[in-house]
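Remarks on the structure that follows.
The values are calculated or read from the model by the stated rules, or taken from the named source; none is laboratory data. Note that the structure is predicted; figures quoted are calculated from it, not measured. Every residue, glycine as well, gets a Cβ built from its backbone with ideal geometry; the counts of neighbours run over all protein chains shown. For accessibility, only protein heavy atoms count, side chains too; no ligands or nucleic acids. Shrake-Rupley method; radii C 1.70, N 1.55, O 1.52, S 1.80 Å.
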Amino acid sequence: MKILEDRIRQDGVLKPGNVLKVDNFLNHQMDIALFDEMGKEWARRFADKPINKILTIEASGIGIAAIVSRHFGNVPVVFAKKAKSINLEGDVYKTKIESFTHKKVYDVIVSKKYIGPEDHVLIIDDFLANGCALQGLIELVQEANATIEGIGIAIEKGFQQGGEIIRSKGIQLESLAIVDGIDDASGTIKFREQ
Ligand code: 5GP
């Protein structure tokens with residue numbers, strides 16, 4: 001998606017450890033007009049899917065998912081919570097996710113009240129790196145006996161393994177920008193042709 005690639009070129013900063021900082025428009029300050037365009041694009045790519053719920057994970061996925069819902073008939077947005085203790089409230093689906101950026105393992109939960117067998121779920125997240133976050137979200141949906149209709153990712157880091165793992169499961173994965181690395185000669189970010 002050209003406007004997202006242009007924005008990453010303009011404002012993205014690659015940090016040591018393969019971390020791409022995009023705080024200016026995605027992870028700290030949020031560009032709502034851009035999120036709106038992203039929602040429009042995912043609605044086009046998933047037009048044939050009977051999506052009735054969006055699932056994301058706190059924190060950065062929430063803002064994106066909320067705007068994206070506007071393009072899917074205002075379907076409810078549920079965000080998986082990173083549980084700080086095992087003292088969990090009520091009946092929940094639970095999994096563990098290892099954070100790429102913080103190198104910590106979190107218990108992640110979703111209440112059984114908000115996802116169930118009747119749901120056709122679109123999973124939305126900001127980044128795809130090694131795929132741990134997505135695999136955790138997929139497990140939660142499967143535990144709930146709901147249907148995964150697809151996954152929308154803003155920025156996939158194509159030089160890490162997550163994209164391959166998820167695509168090999170046969171799930172429709174739509175990443176709006178895929179960063180393949182840095183062009184050594186020019187020092188600019190290289191994107192995969194889509
Ligand atoms: P994964 O579980 O696929 O390894 O990592 C996905 C999660 O880690 C995303 O939800 C995102 O929060 C974070 N993440 C992974 N790589 C990056 C990155 O390069 N930049 C930023 N800002 N977040 C990242």
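Can you work out the accessible area per residue across the stretch 66-166, with the rest of the protein chains kept in place, probe 1.4 Å, in square angstrom?
Per-residue accessible area for the stretch 66-166 comes out at 49 Å².
What figure, in Å² to the nearest 10, do you get for the accessible area of Arg192 with a 1.4 Å probe and non-protein molecules left out?
For Arg192, the solvent-accessible surface is approximately 90 Å².
Using 31 Å as the Cα-Cα cut-off, could you pick out the over-long pairs in Lys53/Lys157; Lys81/Lys190; Lys40/Lys104; Lys40/Lys81?
On the way: Lys53/Lys157 26 Å; Lys81/Lys190 33 Å; Lys40/Lys104 34 Å; Lys40/Lys81 26 Å.
Over 31 Å apart, Cα to Cα: Lys81/Lys190; Lys40/Lys104.
Counting only helical runs of four or more DSSP H residues, what would the 222 nm mean residue ellipticity of the chain come to if each run contributes -39,500 (n - 2.57) and the total is spread over all its residues?
Details: 5 runs with 52 residues, N = 194.
Per the formula, -8000 deg cm²/dmol.
Tell me, what HN-Hα J-couplings in whole Hz come from the Karplus equation 6.51 cos²θ - 1.76 cosθ + 1.60 at θ = phi - 60° for each residue of the stretch 159-169, using x for Gly and Pro?
Coupling constants for the stretch 159-169: 8, 10, 8, x, x, 5, 4, 5, 5, 5, 7 Hz.
Mind ordering 126-134, 47-55, 145-153 by average Cβ neighbours within 10 Å, highest first? Working shown, then result.
Details: 126-134: 21.8, 47-55: 16.8, 145-153: 20.1.
My ranking of the peptides, most packed first, is 126-134, 145-153, 47-55.
Students sometimes get this wrong: rank Lys103, Lys112 by accessible area, probe 1.4 Å, all chains present, largest first.
Details: Lys103 140, Lys112 90 Å².
The ordering from most to least exposed comes out as Lys103, Lys112.
Could you tell me the convex hull volume per residue, in Å³, taken over the Cα atoms of the stretch 21-125? Don't skip to the answer; put the middle values down first.
Working: hull volume 11.7 nm³, N = 105.
Given the Cα convex hull of the stretch 21-125, per-residue volume reads 111 Å³.
Evaluated at 4 °C with a viscosity of 1.567 mPa s, what Stokes-Einstein diffusion coefficient in µm²/s does the stretch 149-194 have when Rh comes from the Kirkwood expression over alpha-carbon pairs? Spell out each step's value before the answer.
Details: Rh = 11.3 Å.
The estimated diffusion coefficient comes to 114 µm²/s.
May I ask you to give the percent of accessible area on the stretch 2-191 that is carbon plus sulfur, with a probe radius of 1.4 Å? Mind showing how you got there, number by number?
Working: 4550 of 9380 Å².
C and S fraction of accessible area: 48 percent.
Once the piece of chain linking Lys104 and Arg167 is laid out straight, how much longer is it, given 0.36 nm per residue of separation minus the C-alpha distance between them? Don't skip to the answer; put the middle values down first.
Working: separation 63, 0.36 × 63 = 22.68 nm, distance 2.51 nm.
20.2 nm is the gain from fully extending Lys104 to Arg167.
Rounded to the nearest 0.05, what FRET efficiency is calculated for Ser111 and Phe159 with R0 set to 30 Å and r the Cβ-Cβ distance? Please report the intermediate quantities before stating the final value.
Values: r = 36 Å, r/R0 = 1.19.
Efficiency at R0 = 30 Å is approximately 0.25.
Along Cα→Cβ, 7 Å out, is where each label goes; now give me the distance between the ones at Asn130 and Asp6 in nm to one decimal.
So the two model labels end up 3.6 nm from each other.
On full extension of the chain, what length is gained from Ala59 through Gln142, given 0.36 nm per residue of separation minus the C-alpha to C-alpha distance? Don't skip to the end; give the middle numbers.
Values: separation 83, 0.36 × 83 = 29.88 nm, distance 2.19 nm.
My answer for the length gained is 27.7 nm.
Across the stretch 1-75, how large is the tail of the calculated P(r) beyond 18 Å, expressed as a percent of all Cα pairs? Before the final figure, lay out each step's value.
On the way: 1241 of 2775 pairs.
That tail contains 45 percent of the Cα-Cα pairs.
Over all directions, how big on average is the projection of the convex hull of the alpha-carbon atoms in the stretch 25-66, in square nanometres?
Numbers: hull surface 12.3 nm².
With the hull built on Cα positions only, its mean projection is 3.1 nm².
Given that compact globular proteins tend to follow 2.2 N^0.38 Å, what is the ratio of the alpha-carbon Rg of the chain to that value?
Details: Rg = 16.2 Å, N = 194, 2.2 N^0.38 = 16.3 Å.
Scaled against compact globular proteins, the figure is 1.00.
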